[in-house]
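The values are calculated or read from the model by the stated rules, or taken from the named source; none is laboratory data. These numbers were taken from a predicted model, which means no experiment stands behind them. When we count neighbours, we look across all protein chains shown, and the Cβ atoms used for this are built from the backbone with ideal geometry, even at glycine. Accessible surface areas use protein heavy atoms only, side chains included; no ligands, DNA or RNA. Shrake-Rupley method; radii C 1.70, N 1.55, O 1.52, S 1.80 Å.
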Amino acid sequence: MPVAVYPGSFDPVTKGHVDIAERAAALFDKLIVAVYVSPPKRLMFSVEERVALLKEALSHLPNVRVEAFAGLTVDYAKKVKANVLVRGLRMSSDFEREFEMAQMNKRLAPDIELVCLMTRSGYEFVSSSLLKEICELGGCIDEFVPEDVAVAMKEKFSQNKR
Ligand code: ADP
């Protein structure tokens, strides 16, 4: 039965990510939300914090597991016996990036399929990086992230100012 991996940085998890995870969990028997330990970008939250925030945000989904991983996504997928990778698409720039990665992943692991889910209307402009920028400048991000993520983000920025 199909097992899917939804990989990402999730720095931090947004309602856009939660929506994709909920929809993927309804499509597959088991969904593993896999958190890149060290993606090539500056991070706000440690891997432990990102995993903990995701576990809380997805606790209502019984067939979802959250785990950290390092190395190639396709190697991790093989390790956990997943045959599908799930990604979300917001805009055409996401498509270009996903298309490039999908072509490479297919060469590396021909048996693993990519399933891209379109963002839900209203979340197309929601990205972790934009929300961090808004929060840092004192804007309200509450409607776009789970409640404890909003608290954690505000706490991080106030720590950094001290
Ligand atoms: P990355 O994996 O590139 O570091 P993220 O961790 O932010 O990026 O996102 C993980 C996955 O979730 C990516 O496929 C991304 O396109 C998707 N995603 C992020 N935000 C949204 C959103 N608002 N709607 C749909 N998909 C999203």
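See the values below:
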| quantity | calculated |
| --- | --- |
| Share of carbon and sulfur in the accessible heavy-atom surface of the chain [1.4 Å probe, %] | 55 percent |
| Accessible area, probe 1.4 Å, largest first, for residues PHE95, PHE10 | PHE95, PHE10 |
| For the chain: accessible area per residue (Å², 1.4 Å) | 57 Å² |
| Segment 107-162-segment 15-91 distance, computed between alpha-carbon centres (Å) | 13 Å |
| Calculated FRET value between HIS60 and PHE157, using beta carbons and R₀ = 25 Å, to 0.05 | 0.35 |
| Solvent exposure ordering (accessible area, 1.4 Å, most first) of MET118, MET1, MET101, MET153 | MET1, MET118, MET101, MET153 |
| LEU117 paired with MET104, simple spin-label distance in nm, labels 7 Å along Cα-to-beta-carbon | 2.5 nm |
| Solvent-accessible area of ARG120 with every protein chain in place, 1.4 Å probe, in Å² to the nearest 10 | 110 Å² |
| Distance between modelled label sites at SER46 and PHE95, nm, 7 Å Cα→Cβ extension | 4.1 nm |
| Helix axis angle, 147-161 relative to the chain longest principal axis, alpha carbon, degrees | 60 degrees |
| Entries in LYS81/LYS106; LYS41/LYS154; LYS30/LYS81 that, when Cα-Cα distance is taken, lie over 18 Å | LYS41/LYS154 |
| The chain: calculated mean residue ellipticity at 222 nm from DSSP helix runs of at least 4, using -39500 (n - 2.57) | -14000 deg cm²/dmol |
| For VAL3, distant residues with modelled amide H under 5 Å away | ASN83, VAL84 |
| For the chain, diffusion coefficient by Stokes-Einstein and Kirkwood Rh (Cα), 25 °C, 0.890 mPa s, µm²/s | 151 µm²/s |
| D_trans [Stokes-Einstein, Kirkwood Rh over alpha-carbon pairs] for segment 48-90, 10 °C, 1.306 mPa s, µm² s⁻¹ | 132 µm²/s |
| Folded to 0 to 90 degrees: helix 47-57 orientation relative to the chain principal axis, Cα | 90 degrees |
